[in-house]
1. Whether any residue in the stretch 59-70 is modelled with pLDDT under 95 and open to solvent by 60 Å² or more (accessible area, probe 1.4 Å) is what I want to check.
2. State which residue pairs qualify: first residue open to solvent by 70 Å² or more (accessible area, probe 1.4 Å) and inside the stretch 43-55, second residue in a helix (DSSP H, G or I) in any location, beta carbons under 6 Å apart, and separation of 6 or more residues or different chains.
Amino acid sequence: HQAIVTARLAIDVGSPCPSADHSMLDLIDRLPEKLRVPVLLHYYADLPAELVARLLRRPAGTIRQRLHEARRLLANMMKDT
């Protein structure tokens, strides 16, 4: 399911208006802030994980782990809907 979430996020980011997929944004909005912010910065603002880490003053490995955890949670949420 993580692959589906990753693909869907990639499609959303690739579209002219990422906010067009309100269902994905609604799911992202349910994430804890520590996961939601990196997801929005990485996938919607198209920033590399390393820059997200610098902006949030966290190690890059922490940001990659949070992105991974967010994808897992989003996949579970999508499965439940």
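1. No - not one qualifying residue is present in the stretch 59-70.
2. Close Cβ pairs (under 6 Å, with a partner that is in a helix (DSSP H, G or I)) amount to Glu50/Ala60.
The values are calculated or read from the model by the stated rules, or taken from the named source; none is laboratory data. Quantities reported herein were computed from a predicted structural model and do not represent experimental measurements. Virtual Cβ from ideal backbone geometry, glycine too; neighbours counted across all protein chains shown. Calculation scope for accessible area: heavy atoms of the full protein, side chains included, ligands and nucleic acids excluded. Shrake-Rupley method; radii C 1.70, N 1.55, O 1.52, S 1.80 Å.
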